[in-house]
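Read the figures in this text as sums done on the coordinates, not as results from a lab. None of the values given here were measured: they were computed from a predicted structure. Every residue, glycine among them, receives a Cβ derived from its backbone with ideal geometry; neighbour counts consider all protein chains shown.
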Amino acid sequence: MRAWQVGELGEPREVLRLHEDVPQPEPGEGQVLVRVRAAAVNFPDALLTRGHYQLRPPLPFTPGLELCGEVVGTGQRVIGTPVLPAGAYAEYALMAADNLFPAPESLDDAEAAALHIGYQTAWFALHRRARIRAGETLLVHAAAGGVGSAAVQLGKAAGATVIGVVGGAEKAAVARELGADVVIDRRSADFVAAVKEATGGRGADVVFDPVGGDAYTGSAKCVAFEGRIVVVGFAGGSIPAPPLNHALVKNYSILGLHWGLYVTKDPAAVREAHAELTALAAKGVVRPLVSERVPFEEVADAVARVAEGRTTGRLVIG
């Protein structure tokens with residue numbers, strides 16, 4: 001089969017190589033072989049190629065953490081995360097039989113591939129960790145990105161007023177199309193002041209932060225009394241070290257979210273979230289923003305562009 005492989009660690013464009021004759025992976029106990037129909041590009045794919053991700057598969061490996069595929073032998077259309085080192089950037093991948101999910105019929109292959117990680121992450125951040133309520137104000141950083149766009153849609157579905165922070169006019173337009181009530185371009189405006197103005201000085205009840213660094217620092221200045229900041233990731237490259245006395249004085253909560261832990265610690269909750277997301281997709285309330293459908297031959301460039309923060313929504317291979 002054709003497959004992209006990483007033979008040495010480094011930057012995506014430098015170490016990802018397309019091979020034309022890689023043996024099909026053989027399913028082990030509790031695994032199934034899946035023909036890949038579409039693979040969504042994620043920021044952690046670049047971390048995998050660099051050796052900076054929490055999972056470090058043996059070399060050589062095929063990255064790709066999210067797919068829509070067809071189970072060989074049954075034809076069932078499924079989504080989920082493949083089992084590394086046989087990832088999604090190949091014609092065939094392996095999946096755990098107890099960790100695959102029916103692909104929503106209302107979504108095409110590319111949209112379905114982009115539903116799982118981003119929307120599950122946003123769902124658990126907003127509903128499980130922050131316990132968001134209708135009428136609250138939600139601040140979403142990187143609101144035009146893959147996971148941020150999911151948070152915007154799910155925030156609106158929960159009845160929240162959504163403030164999206166983006167970098168650039170193009171991304172601002174995307175955030176508005178997604179349904180954000182207020183959009184702030186951090187390149188031309190101080191988002192802290194803008195959030196306070198939009199909320200009458202009260203601040204945001206819930207902050208969804210996949211960026212870290214200055215995004216987190218600013219969020220702590222404009223979070224509401226008894227607000228909740230959900231730390232989702234550090235795409236900005238800087239991990240903040242917040243002064244905890246500030247959280248004490250202002251009475252806000254700092255909540256961490258590592259969605260992958262739920263897969264092992266509470267898989268039933270993951271399935272419940274999938275059912276909720278499938279229902280929302282069927283109603284047309286959520287739909288992954290697939291900004292570009294990328295040819296299989298351009299995987300390395302796609303992963304690099306996502307890592308560089310030069311994309312909106314989701315890039316999907318296939």
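Tabulated values for the structure
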{"quantity": "Gain on full stretching of the segment that runs from GLU226 to LYS283 - 0.36 nm per residue minus C-alpha separation", "calculated": "17.3 nm"}
{"quantity": "³J(HN,Hα) computed for each position of the stretch 242-253 - Karplus, 6.51 cos²θ - 1.76 cosθ + 1.60, integer Hz, glycine/proline x", "calculated": "x, x, 5, 5, 5, 5, 5, 5, 8, 6, 10, 10"}
{"quantity": "Amide H within-cut-off set for VAL183, under 5 Å, with H built and near neighbours excluded", "calculated": "GLY164"}
{"quantity": "Stretchable slack from GLU26 to LEU9, in nm (0.36 nm times residue separation minus alpha-carbon distance)", "calculated": "3.7 nm"}
{"quantity": "Equivalent ellipsoid dimensions for the stretch 142-251 as semi-axes, Å, which come from the Cα gyration tensor, largest first", "calculated": "21, 16, 13"}
{"quantity": "Projected-area average for the chain over all orientations - Cα convex hull basis, square nanometres", "calculated": "15.4"}
{"quantity": "Qualifying chymotrypsin sites (Phe, Trp or Tyr not before Pro) for the stretch 202-286 [loop in DSSP, other Cβ within 10 Å: at most 10]", "calculated": "none"}
{"quantity": "16 Å Cα cut-off, lysine pairs counted over the chain (separation 8 or more, or different chains)", "calculated": "4"}
{"quantity": "For the stretch 10-160, alpha-carbon Rg over 2.2 N^0.38 Å", "calculated": "1.13"}
{"quantity": "THR74-ARG271 FRET efficiency (beta carbon distance; Förster radius 22 Å; 0.05 resolution)", "calculated": "0.70"}
{"quantity": "Contour excess over end-to-end distance, with Cα ends at ALA241 and ASP98 and 0.36 nm allotted per residue", "calculated": "47.7 nm"}
{"quantity": "Rg/Rh ratio calculated on Cα atoms of the stretch 188-248 (Kirkwood radius)", "calculated": "0.95"}
{"quantity": "Most positive-pole-ward Cα, HIS274, SER238, GLY313, against dipole of the chain from beta carbon charges", "calculated": "SER238"}
{"quantity": "Distance from the stretch 31-68 to the stretch 151-228 (C-alpha centre basis), Å", "calculated": "30"}
{"quantity": "Farthest positive-ward along the chain dipole, Cα basis, beta-carbon charges - from VAL290, VAL223, GLY167", "calculated": "VAL223"}
{"quantity": "Kirkwood hydrodynamic radius of the stretch 262-318, from inverse mean 1/r over distinct Cα pairs, in Å", "calculated": "13.6"}
{"quantity": "Of all DSSP beta bridges in the stretch 62-180, antiparallel share, percent nearest 5", "calculated": "55"}
{"quantity": "Nearest-0.05 FRET efficiency for THR217 and ALA193, computed from C-beta distance (R0 22 Å)", "calculated": "0.95"}
{"quantity": "Cα-based radius of gyration of the stretch 1-66 once divided by 2.2 N^0.38 Å, which approximates compact folds", "calculated": "1.13"}
{"quantity": "Computed label-point distance, nm, for sites SER291 and SER253 using a 7 Å Cα→Cβ extension", "calculated": "3.2"}
{"quantity": "Value at 222 nm in deg cm²/dmol, rounded to 500, when DSSP H runs of n ≥ 4 in the chain each add -39,500 (n - 2.57)", "calculated": "-8500 deg cm²/dmol"}
{"quantity": "Bins of 5 Å from zero: percent of alpha-carbon pairs in the stretch 209-314", "calculated": "2, 9, 13, 13, 15, 19, 17, 7, 3, 1, 0"}
